[in-house]
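Heads up, the thing below is written out as structure tokens.
The values are calculated or read from the model by the stated rules, or taken from the named source; none is laboratory data. Quick caveat, the model's predicted, so the values are computed rather than measured. Every residue, glycine among them, receives a Cβ derived from its backbone with ideal geometry; neighbour counts consider all protein chains shown.
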């Protein structure tokens, strides 16, 4: 039987053997993304060791591909000289991300002082922007030509300095550096050389400013099927470029963010290895939920007499509460995701809420009927009054309907107030849903109590 | 005060005035994506009316940008002749999606018979693929040149037939049509004309086959920062191309899918207007959850004696159950998302589960201690035994720890069995978490009962 050697085993063997030359040769053959994935499973000392062996260009690519946990470790543990040499090899936007992660101000200044003046200026220019804004994801590397240049002049320029990029969009600008439009570089191939760039420039170009939220930028890419978008300042001067491959990461990131927020935690969980760090992420919401649980206990305390007389009424507490929670989660997921993707908003909001109301009533009615029938039958068997079936059916229908409306309105309201609907929805909704369902059930019990057998 | 006229108002006014010429002129000025968004709010008759006025090319663009609900309506309600003319103007992959949505086989054949032979062959070639596979998202429009062509020959060809695409990747193939590699078209601009394409071809090219899952394709794009990927058959012959802008939609779609599945419903909710349709999406999971609720009622029934004697023990049912549910949701979200983005898997699984176990114990300990203290204090005030504090603290710690482990293992196991971890996790976990928490609480009550005051 042949045993296949995984890349992970190969790396471990090479590390044990201690043959640095063999390790280097093996590592540079790998795609930087694959190497970054393998380094994740090593200790930080081993990771730094492998990093030392790599040529700077390769190190730069691996660092750009690493996930946060490994990156932070490498950024903190590599000598400042090595780090600055690696930065020189990175795209300015990636380099700015790395420098931005250095926490020690002393080290921050030292690393920056070691990079070349040009690179430092670019990095510093990008560092001022919020990480989650257009400025934070744009790169200062782009091609921009005066709109009056001829195709031939542009070709000559490109022959002298071939751009090192997969993307083929070039911008045109006027004398003041203001954006005039863009054109695909490949068009130069089949345009007569004497034509001017203004003739192949598409002036109908969307642009954003550096402070535009990255989620908004992603929405533009996805809505208009964009490949690249220029970033301009208030005077319309070109300052950067965002390409669709960066947006792919943004979309992944924003979806993860919303998903984790809906569960009352953060997508930082995906990159941290430490249980203590996870605890700090989850604890705040858990404490809010605990307060909700305390409120539930107090509400139940008010009904102690009823509960001790008709103990069987407690049997249906869990199902009434959890069904309200379930349908509430569905409604709030719909709203949070719909707002994020732009599929809910504008004129459709009223219609969407009305639809949710009908869904809540229908679903509550069906579930209430089924659970009520079960309760009536069970009570009948145990010799209790089947009236409990009616109480359960009514409570479930009402609590599920209210949950639907409540869980729809909270995200919409938060969004209108400019608060991220994902972050605040989970705590608010979960906390109140339990208390709501409980109150409805207990109130109906109190109303119908005269008809219950003692 | 000036009143701003929204595009939606403008459209409505133009429809009421009935000036078709004005309506047409206004509509063609809009970006197809914007027009598609506006049509969503019209009745289907009005939508078809606007569609009739548009030139076929504009209609094609709007149809490609429409969301599913509007698309389906338009596809069903446009005359077959109009639809086939519009199809001619669409990219083959979009056209195949539209044709694939026609439900009536009669109409399907009629529409296909009306399009040109070339377009029909392309559409039929694409229709055989699963919608969520590489074949389903690829386009059959791509540039491929024999690898022995010179740069000049390629430029000459492109001058004759300039490609209508934003993307600048061209493929090179051998005599048998097998993929040799790819090159950015723009490189032709600065490469000496006598060189052969093999000299600028990058042979290190990832490719997929038509049956590769679209989620896997998206993972490749995101991991290796790809711009385009070729699709090949078993013999390595080029059959299609997928570009990063299509992947943007896939990533959005797959994230929505997982999010909605985690809430026990489907992302079809984002595009449907009908409450009845939503009901069918949500009901299956709700019924499973109801069964779970019934089981909870039966478990509580077994403990009727204890509950009627020590009613105050029922006060803490809600908080113990919901905290288990909360932490379970967090763990399963982490697993489902981590598996989807590729951040959890391979060697790290054991470590991730061990981390979750520690998180569960820590969090359960903290929450158990807090709730237990509250219970002890409350009982003391009401003259009951403070021993209930210990019972609550123990139960909460245990049930939160178990929930964490259970909610982590279910998605991982499902994934290993080849079942989508998102779809089955929610029903399984939610149903069992409630019953689990309840059983733990009631068992501890029964064990410690001798020490409770009568």
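One residue is enough: does segment A:158-167 have a residue meeting the conditions surrounded by 16 or more Cβ atoms within 10 Å (Cβ to Cβ) and more than 14 Å from chain B (Cβ to nearest Cβ)?
The first filter runs over segment A:158-167 and keeps only residues surrounded by 16 or more Cβ atoms within 10 Å (Cβ to Cβ), leaving A:158, A:163, A:165-167.
Pick out the ones that are also more than 14 Å from chain B (Cβ to nearest Cβ) and you get none.
No, segment A:158-167 contains no residue that is surrounded by 16 or more Cβ atoms within 10 Å (Cβ to Cβ) and more than 14 Å from chain B (Cβ to nearest Cβ).
Of all residues in segment B:306-329, which are closer than 24 Å to residue A:423 by Cβ and in contact (Cβ under 8 Å) with a residue 12 or more places away in the chain?
Taking segment B:306-329 as the starting set, the residues that turn out to be closer than 24 Å to residue A:423 by Cβ are B:319, B:322-329.
If the condition is that a residue be closer than 24 Å to residue A:423 by Cβ and in contact (Cβ under 8 Å) with a residue 12 or more places away in the chain, then B:319, B:323, B:324, B:325, B:327, B:328, B:329 are the ones that fit.
Against the numbered list (1) within 12 Å of another protein chain (Cβ to nearest Cβ); (2) closer than 30 Å to residue A:184 by Cβ; (3) in a helix (DSSP H, G or I); (4) out of contact with any helix residue (DSSP H, G or I) (no Cβ under 9 Å at 6 or more places or on another chain), residue A:223 comes up short only at (4). Out of everything in segment A:343-358 that is within 12 Å of residue A:401 (Cα to Cα) and at the interface with another protein chain (Cβ under 9 Å from one of its Cβ atoms), what residue ends up being surrounded by the fewest Cβ atoms within 10 Å (Cβ to Cβ)? Checking each candidate, the answer is A:354.
So is residue B:293 part of a loop (DSSP other than H, G, I, E, B), within 10 Å of chain A (Cβ to nearest Cβ) and in contact with a helix residue (DSSP H, G or I) (Cβ under 6 Å, 6 or more places away or on another chain) or not? It would help to see each step written out before you state the result.
Values: part of a loop (DSSP other than H, G, I, E, B): no; within 10 Å of chain A (Cβ to nearest Cβ): yes; in contact with a helix residue (DSSP H, G or I) (Cβ under 6 Å, 6 or more places away or on another chain): yes.
Taking the combined requirement at face value, the residue does not satisfy it.
Which of the following residues is within 14 Å of another protein chain (Cβ to nearest Cβ), more than 29 Å from residue A:121 (Cα to Cα) and exposed (fewer than 15 other Cβ atoms within 10 Å of the Cβ): A:28, A:16? Let's see the steps before the verdict.
On the way: A:16 fails: within 14 Å of another protein chain (Cβ to nearest Cβ).
Exactly one of A:28, A:16 is within 14 Å of another protein chain (Cβ to nearest Cβ), more than 29 Å from residue A:121 (Cα to Cα) and exposed (fewer than 15 other Cβ atoms within 10 Å of the Cβ), namely A:28.
Residue count for segment A:111-130 satisfying the condition of being in contact with a helix residue (DSSP H, G or I) (Cβ under 7 Å, 6 or more places away or on another chain) and not in a helix (DSSP H, G or I): 4.
No other residue among B:376, B:424, B:453, B:393 is modelled with pLDDT under 90 and closer than 30 Å to residue B:304 by Cβ apart from B:453. Looking across segment B:52-72, the residues that are under 22 Å from the mean Cα position of the chain (by Cα) and assigned to a helix (DSSP H, G or I) come down to B:63, B:64, B:65, B:68, B:69, B:70, B:71, B:72.
Of the residues making up segment B:86-110, just one is more than 28 Å from residue B:231 (Cα to Cα) and in contact with a helix residue (DSSP H, G or I) (Cβ under 6 Å, 6 or more places away or on another chain), namely B:110. Only one entry of A:277, A:340 meets the criterion of being modelled with pLDDT under 90, more than 8 Å from chain B (Cβ to nearest Cβ), touching a helix residue (DSSP H, G or I) at 6+ places or on another chain (Cβ under 8 Å) and closer than 26 Å to residue B:363 by Cα, and that entry is A:277.
Would you mind finding the one in A:117, A:132 that is modelled with pLDDT of 85 or more and exposed (fewer than 15 other Cβ atoms within 10 Å of the Cβ)? Break it down into steps so the answer makes sense when it comes.
Values: A:132 fails: exposed (fewer than 15 other Cβ atoms within 10 Å of the Cβ).
When all the criteria are applied, what remains is A:117.
In segment B:256-280, the qualifying residues are those that are in contact (Cβ under 8 Å) with a residue 60 or more places away in the chain and surrounded by 21 or more Cβ atoms within 10 Å (Cβ to Cβ), and the one that is nearest to the chain's Cα centre (by Cα) is B:258. Restricting attention to segment A:189-209, the residues that are part of a helix (DSSP H, G or I), over 38 Å from the mean Cα position of the chain (by Cα) and at pLDDT 90 or above add up to 3. Note on segment B:67-76: residues that are within 12 Å of chain A (Cβ to nearest Cβ) and under 12 Å from residue B:97 (Cβ atoms) total 1.
You will find that of B:394, B:387, B:361, the residue that is at the interface with chain A (Cβ under 10 Å from one of its Cβ atoms), in contact with a helix residue (DSSP H, G or I) (Cβ under 7 Å, 6 or more places away or on another chain), on the phi < 0 side of the Ramachandran plot and touching a residue at least 40 places away in the same chain (Cβ under 8 Å) is B:361 and no other. Just to be sure before I move on: is residue B:153 part of a helix (DSSP H, G or I) and closer than 30 Å to residue B:254 by Cα in the structure I sent? Answer is no for this residue.
When you look at residue B:242, is it crowded, with 20+ Cβ neighbours inside 10 Å and within 20 Å of the chain's Cα centre (by Cα), yes or no? So residue B:242 fits the description; yes.
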